[in-house]
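S.K.: The structure follows.
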Amino acid sequence: MLSEAERLVRYGDASLNSELEVIRAIEAECEKQGRTHKIILMVDLGDIREGYVDYEELIGVAKEVAAMPCVELYGLGVNLTCFSFVQYDTEKLTQLVELGKRVEEATGTKLQVLSGGNSATIDLMLRGGIPAGVNNLRLGESVLFGKERSKYTYLPGTHRDVFTLHAEIVELKEKPSLPWGDIGVDSYGNRPVFTDRGPKRLKAICALGKQDFDPEITTPCDPGVILLGASSDHLMLDVTDSEKTYRIGDCIDLELGYFSTMRAFTSDFVRKEYIE
C-alpha cells in the first residue's frame, strides 16, 4: 500500500511494484531514510491481477525507475493462477524474457531478476518448460504444504503435516444425520445439502468455525472422522466410525490447506505453538 512506503523501506530490501506513484513514494522514503531499495516491475501476462498490460508503459516506467538515484531497477516478475487461474507455460515465460531484454535495451540496465511466478510454475519447471533467463520463483504453498499449484498435487518427498489444528470438543451427543424442519439458505445464499447416514450418529462440536479456518480445505487426521461443516464459530463432526473414543475436552486434529492455515494464523482465537 502507498501508506506502507515508510515501513517498506525501513524493513524491506526489495518489492514487487506495478504503480509508478508508489515507486516514487518508495524513492522519496529511501532518500529520507538514507537507504536503497530494489524494484521488481510486475507484468500482466493474462491473469488480469497485478502488473502492466501496456508494455510500452512498462518500458517508460522502467526508464524512470532506472534514473532514480535511491531505488534500483532490479527485475521483472509475473504472477498467474491467483485470480483467473491462467496457467504458466513456456510461451508466457518466453514473453517475460523478451520483455526483460527490451527493458535492458531501453534503460541500459542489466536486470538481476526475472521472477517467473509462484508454486504453480513448479510443474512446468519439472517438465523442463522454463526458458533460459527466468531465474527466480516466489514459493509459498510448495514449501509450506508440499503442493505444486498447477495440478494441485503433492510433490514427491514432501510432508503434509507441517500445520495441524487442534480443535477442542465442547459437545458430544448422538443425533440424527438429517435435520428436521424447513431448510433455508446459509450466509452465502446457498441451500445446504445433507447425507443420510442413519438416525443415530455420534456428533462432536468443536469450538472453532469459519472465522478461524476454512472447512472446505481441511481434513480430519483421523480417517474415521467426517467433517460435516461449520458455522462462524462452531465445527460439526461425525465421529461414529472412528476407532478412537472421544470425550468432552479432547481435541480432534485437523490437517489444513493453504487458505485454512492463512485464516488460522490471522485468527486471534487460535493459539499458535511452534514445535521443532
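The values are calculated or read from the model by the stated rules, or taken from the named source; none is laboratory data. This one's a predicted model, so the numbers in the text were calculated from it and none came from an experiment. Neighbour counts run over all protein chains shown; Cβ positions are idealised from the backbone, glycine included.
S.K.: If you take the residues in the stretch 217-230 that are without any contact (Cβ under 8 Å) to a residue 40 or more places away in the chain and in contact with a helix residue (DSSP H, G or I) (Cβ under 8 Å, 6 or more places away or on another chain), which one is nearest to PHE145 (Cα to Cα)? Talk me through it step by step, then tell me what you get.
M.R.: Taking the stretch 217-230 as the starting set, the residues that turn out to be without any contact (Cβ under 8 Å) to a residue 40 or more places away in the chain are 219-220, 222-230.
Within this subset, residues satisfying the condition of being in contact with a helix residue (DSSP H, G or I) (Cβ under 8 Å, 6 or more places away or on another chain) are 227, 229-230.
Numbers: LEU227: 21, GLY229: 23, ALA230: 23 Å.
Of everything passing the filter in the stretch 217-230, LEU227 is nearest to PHE145 (Cα to Cα).
S.K.: Do we have TYR274 as over 30 Å from GLY140 (Cα atoms) and either of a type in the set (Phe, Trp, Tyr) or not assigned by TED's automatic domain parsing to the domain that holds ASP186 (or both) here?
M.R.: Working: over 30 Å from GLY140 (Cα atoms): no; either of a type in the set (Phe, Trp, Tyr) or not assigned by TED's automatic domain parsing to the domain that holds ASP186 (or both): yes.
Considered against the rule, which asks whether it is over 30 Å from GLY140 (Cα atoms) and either of a type in the set (Phe, Trp, Tyr) or not assigned by TED's automatic domain parsing to the domain that holds ASP186 (or both), TYR274 comes out as no.
S.K.: Would you confirm whether or not the stretch 161-178 contains a residue that is modelled with pLDDT under 90 and assigned to a loop (DSSP other than H, G, I, E, B)? So that I can check it myself, show each step before the final result.
M.R.: Of the stretch 161-178, the ones modelled with pLDDT under 90 are 161.
Narrowing further to those that are assigned to a loop (DSSP other than H, G, I, E, B): 161.
Yes, the conditions are met somewhere in the stretch 161-178.
S.K.: When the residues of the stretch 55-114 are filtered to those that are among the basic types (Lys, Arg) and surrounded by 14 or more Cβ atoms within 10 Å (Cβ to Cβ), which remaining residue is nearest to ARG24 (Cα to Cα)? Give the derivation first.
M.R.: So in the stretch 55-114, the residues among the basic types (Lys, Arg) come out as 63, 92, 101-102, 110.
If we keep only those that are surrounded by 14 or more Cβ atoms within 10 Å (Cβ to Cβ) too, we end up with 63, 92, 102.
Working: LYS63: 13, LYS92: 29, ARG102: 22 Å.
Across the stretch 55-114, the extreme among qualifying residues is LYS63.
S.K.: Hey, another quick one. When the stretch 130-139 is examined, which residues are found to be in contact (Cβ under 8 Å) with a residue 24 or more places away in the chain and either in contact with a strand residue (DSSP E or B) (Cβ under 7 Å, 6 or more places away or on another chain) or loosely packed, with under 15 Cβ neighbours inside 10 Å (or both)?
M.R.: So in the stretch 130-139, the residues in contact (Cβ under 8 Å) with a residue 24 or more places away in the chain come out as 130-134, 136, 138.
Result: ALA132, GLY133, VAL134, ASN136, ARG138.
S.K.: Just one of the numbered conditions (1) free of Cβ contacts under 8 Å to residues at least 12 places away in the same chain; (2) in a helix (DSSP H, G or I); (3) more than 25 Å from ASP54 (Cβ to Cβ) is not true of SER142; which one?
M.R.: Evaluating SER142 over (1) free of Cβ contacts under 8 Å to residues at least 12 places away in the same chain; (2) in a helix (DSSP H, G or I); (3) more than 25 Å from ASP54 (Cβ to Cβ) leaves (1) as the failure.
S.K.: Here's something else I'd like to know. Filter the stretch 144-167 down to the residues that are closer than 12 Å to GLU255 by Cβ and among the aliphatic types (A, V, I, L, M) and list them by number.
M.R.: Correct list: VAL162, LEU165, ALA167.
S.K.: crowded, with 16+ Cβ neighbours inside 10 Å, of a type outside the set (Val, Ile, Thr) and touching a residue at least 40 places away in the same chain (Cβ under 8 Å), is that true of ALA25?
M.R.: Details: crowded, with 16+ Cβ neighbours inside 10 Å: yes; of a type outside the set (Val, Ile, Thr): yes; touching a residue at least 40 places away in the same chain (Cβ under 8 Å): no.
Answer is no for this residue.
S.K.: Identify the single condition in (1) surrounded by fewer than 20 Cβ atoms within 10 Å (Cβ to Cβ); (2) in contact (Cβ under 8 Å) with a residue 40 or more places away in the chain; (3) out of contact with any helix residue (DSSP H, G or I) (no Cβ under 9 Å at 6 or more places or on another chain) that ILE40 does not satisfy, given that it satisfies every other one.
M.R.: All conditions pass for ILE40, except number (1).
S.K.: Look at the stretch 201-243 and say how many of its residues are assigned to a loop (DSSP other than H, G, I, E, B) and out of contact with any Ser or Thr (no Cβ under 6 Å at 6 or more places or on another chain). Show your work before the answer.
M.R.: From the stretch 201-243, those assigned to a loop (DSSP other than H, G, I, E, B) are 207-214, 221-225, 231-234, 239-243; that's our starting set.
Now drop any that are not out of contact with any Ser or Thr (no Cβ under 6 Å at 6 or more places or on another chain), which leaves 207-208, 221, 223, 231-234, 239-243.
The qualifying residues number 13.
S.K.: Name the pairs: first residue in the stretch 250-269 and touching a residue at least 60 places away in the same chain (Cβ under 8 Å), second residue among the basic types (Lys, Arg) and in a loop (DSSP other than H, G, I, E, B), Cβ to Cβ under 7 Å, at least 6 apart or on different chains?
M.R.: Going by the 7 Å Cβ cut-off, the qualifying pairs are GLU255/ARG160.
S.K.: State the number of residues belonging to the stretch 190-205 that are surrounded by 15 or more Cβ atoms within 10 Å (Cβ to Cβ) and either under 26 Å from the mean Cα position of the chain (by Cα) or aliphatic (A, V, I, L, M) (or both). Break it down stepwise before answering.
M.R.: Filtering the stretch 190-205 down to residues surrounded by 15 or more Cβ atoms within 10 Å (Cβ to Cβ) leaves 197, 201-205.
Within this subset, residues satisfying the condition of being either under 26 Å from the mean Cα position of the chain (by Cα) or aliphatic (A, V, I, L, M) (or both) are 202, 204-205.
Qualifying residue count, the stretch 190-205: 3.
S.K.: Test LEU41 against the stated conditions and say whether it is aliphatic (A, V, I, L, M), part of a helix (DSSP H, G or I) and within 23 Å of GLY116 (Cβ to Cβ). Walk me through it before giving the result.
M.R.: On the way: aliphatic (A, V, I, L, M): yes; part of a helix (DSSP H, G or I): no; within 23 Å of GLY116 (Cβ to Cβ): yes.
So LEU41 fails the test.
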